[in-house]
Every structure is written in C-alpha cells, then in structure tokens.
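Bear in mind these aren't lab numbers, they're just calculated from the coordinates by the rules spelled out. Values in this document were obtained by computation on a predicted structure and should not be read as measured data. In this analysis, Cβ positions are derived from the backbone assuming ideal geometry, glycine residues included, and neighbour counts consider all displayed protein chains.
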Amino acid sequence: MATASPPFISTLNFTHSSFKNTSSSSFSPKLLRPLLSFSVKSSRKQVEIVFDPDERLNKIGDDVDKEAPLSRLKLFSPCKINVFLRITGKREDGFHDLASLFHVISLGDTIKFSLSPSKSKDRLSTNVQGVPVDGRNLIIKALNLYRKKTGSDRFFWIHLDKKVPTGAGLGGGSSNAATALWAANQLNGGLVTEKELQDWSSEIGSDIPFFFSHGAAYCTGRGEIVQDLPPPFPLDLPMVLIKPREACSTAEVYKRLSLDQTSNINPLTLLENVTSNGVSQSICVNDLEPPAFSVLPSLKRLKQRIIASGRGEYDAVFMSGSGSTIVGIGSPDPPQFIYDDEEYKNVFLSEANFMTREANEWYKEPASANATTSTSESRMDFQ
C-alpha cells in the first residue's frame, strides 16, 4: 500500500533589515516587486524561499556607479546650541532680528545618500516614526532647491538615521538640510561653491546657513547673516543636554515674546566677554527663555532645579534656541534627580562637546557619538 509523502515545510527568510517595518521604508510595494531576487532550495522535507533584494539593489547601485565618479555618501549631520541669543527687534516681514553665538556640537544624525536611477523623485526613509519623508522634510526641500538653482537632473535615495530630537531648539532639521545641500553638490561633481550653497539655503530656513560656517559663528538678521569665528571654547569642554518629552512650538514662543522684557545688554558685549573669558552664567542670555517658560512652565522649573542641584558643577545652565532643551556646560552628567524623579523618566539625555569642521570638508562624526535616555531610546521624543 502506497504511503503519503511527508508534508512539505515552507519557510520565508527576509535578508534585508529594512523590510522589518515597511511603513518606514522609502520603497513602495510597486518599486519592490522588480527588485526581488529569489532562490529556492528543495528536498523531500523542506522548501526554503530566500527573499533577497540586496543583490538586485546593489546591481542598480553598481549601474549608477558606472555613470558617476561619486554615487554614495555617508555624512554626519550635527546639531547646534545657542550660547547666547538676543532678540533685537521686529522686522517688517514679520520675522525678528536676532544676534546669537551659534556653535556646532557633537550630537548629530547620520544621513546616507545614493544616486537614484529615477529622474523624477527622491526617496527618503528614516529610523523614527513621526518624521515626514515627503516634501515637508527639509532634506527634500534642500534637494529641490539645489536642482532649481543648478539645473541638475539627479535624484537621490536618502536614509536618515535620526538621533537629534525635534522641537528641541537644536537645529537638527536645519543641519539635515545643510548636509543635503553639501551632499547634492558633491554627488554632482561640485557644481557650485560653499558660499553659493550657504546663500541659497536661507530661502528654506534661517538657521541653515550657519552650518556652512566652520562650527562657530556670530549670526544676525534672521540668523542667515553668518560671521565665522575661531572656536571660542576648548573643544573638549563637556556639556549635558536635557530635553523633556514636551516640545516648545517656535511660533508660540515668538507669539508670547515681548520685546520690552528682553535683555538690554549689547550682544557684541556678550560676544567680547565670551571670547575673552569663556562660558559663564551671566553671558548665556537667551531672550526666548521667558516666553518659552510661559508656554511650558515645567521647563523653567527644570532649569532652576538643574542649577540648584548642580552645586557649581556647571559653568552655565541655559535653554538653547526656542527650547525645549536645557544645556549644562562644564559637566557631561545630569543631576541625580533626573534619574530619581518619576517626572523625568522620559527625558532625552545626551552628553556632547563643541566641534568644528575643516575647510572643504563636512563635519566628521565623533568616535564616541552617544545619545541616551534615562529609560530607553524608544522613548525619545521625536514627535
């Protein structure tokens, strides 16, 4: 009597990590279909289907490589802090005039760029939910701006590995845009100068031109007038960044700003003092703190507690930009209450240092780029 063959077992092995979460992938199902490469192994006991898009993706990349001397870039996209920030007036265009010492710091994102075979669309993916991957993202705006200004017809695949929280006053999106402009120019053979990139960038964001400085600059106007400075601080001067889960709306902060309640100290005096004497609490003036504290009263309490608990450990404690990050200069460690109090269990924490870049090069990722939270990275506030 004939016996039935043993049942076949079918397994499906995914060999490309980006397909673990299709919602965050930059590739549509329509695009995925022609990129699939299958191999089948069989025996009487098992059929194994190996799902491997890498080979096809790499082949497309190799084909693009043949046509361009440079087709792939991985760049560090650092954020910034405002060591001091004076608001000096209201402009007719509705913006405010400011005078601020900006400085790049070692916390940043990583962005990978590849030339795309497409001649019609960029594709952006990211590791964080809530970050737009369409035309609202400053990376896409920057690439569109580059094509508009240069006439380039090149499009890109981009992956943003995000570590800088949004709504933090750290300029993470502006840095991403500057990095994208730099990458587009490199991948187009250096069609234009850095100065041209810097000048164009103000069309899509006031903070973007700063990142084309060498890392430290005195910025005026809306922030787009950038005066490069020699590094005013030791680059190994440590700091800690503490950002509560709640973000500050920049528009709401400026809406609550009252010019008659801002500092009356001359920003050039602040600049002279900080370059001569270094960081101190009296120098780290931020005119946006009072309106930000009005929007988010818990932020004022956080700053006061850090100062009180620091017991002189920090040279200065201040808010960066329009918030909601509080910066402590002089130590990489947060006060103990940040770990102990339930109220702060979801804060974003990162140690950092000041950093600069060399002429004709982009910023280099520090060897120990490190961002943590008091609980887990999945609780970082990127909303």
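How would segment 233-383 be classified by its alpha-carbon gyration tensor: rounded, prolate or oblate, with rounded meaning a/c under 1.5 and the a/b versus b/c comparison settling the rest? It comes out rounded by the Cα gyration axes. The Cα atoms of segment 78-221 give a gyration tensor whose axes a ≥ b ≥ c have a/c of 1.5 or more with a/b greater than b/c, which makes the shape prolate. Using the Cβ-Cβ distance between D228 and Q304 with R0 set to 35 Å, the FRET efficiency works out to roughly 0.50. Dipole check for segment 182-314: with +1 at the C-beta of Lys and Arg, -1 at the C-beta of Asp and Glu, and the Cα centre as origin, the magnitude is about 780 Debye. The label point for T193 and the one for D341, both projected 7 Å from the Cα toward the Cβ, are 5.1 nm apart.
Between the amide H of T88 and those of D97, L98, A99, distances stay under 5 Å, these residues lying 5 or more places away or on another chain, with hydrogens modeled in the peptide plane.
In this rough spin-label picture, where each label sits 7 Å from Cα along the Cβ direction, the S294-D153 distance is 5.4 nm. Peptide packing: for 246-252, 158-164, 101-107, the average count of neighbouring Cβ atoms within 10 Å per residue gives the ranking 101-107, 158-164, 246-252, highest mean first. Using θ = phi - 60° in the Karplus curve 6.51 cos²θ - 1.76 cosθ + 1.60, the 3J(HN,Hα) couplings for segment 92-103 round to 5, 7, x, 7, 10, 7, 9, 9, 8, 8, 8, 8 Hz; x is entered for Gly and Pro. Each residue, N264 and Q129, gets one label point 7 Å from its Cα in the Cβ direction; the gap between the two is 5.2 nm.
For the pairs K90/K112; K80/K303; K148/K255, flag any whose C-alpha to C-alpha distance is greater than 27 Å.
K90/K112; K148/K255
Which shape class applies to segment 78-153: rounded if a/c is under 1.5, otherwise prolate when a/b exceeds b/c and oblate if not, where a ≥ b ≥ c are the square roots of the Cα gyration tensor eigenvalues?
Prolate shape, in that a/c is at least 1.5 and a/b is the bigger ratio.
In the structure displayed, which of K121/K163; K74/K195; K74/K345 lie more than 29 Å apart, Cα to Cα? Distance filter (> 29 Å) returns K74/K345.
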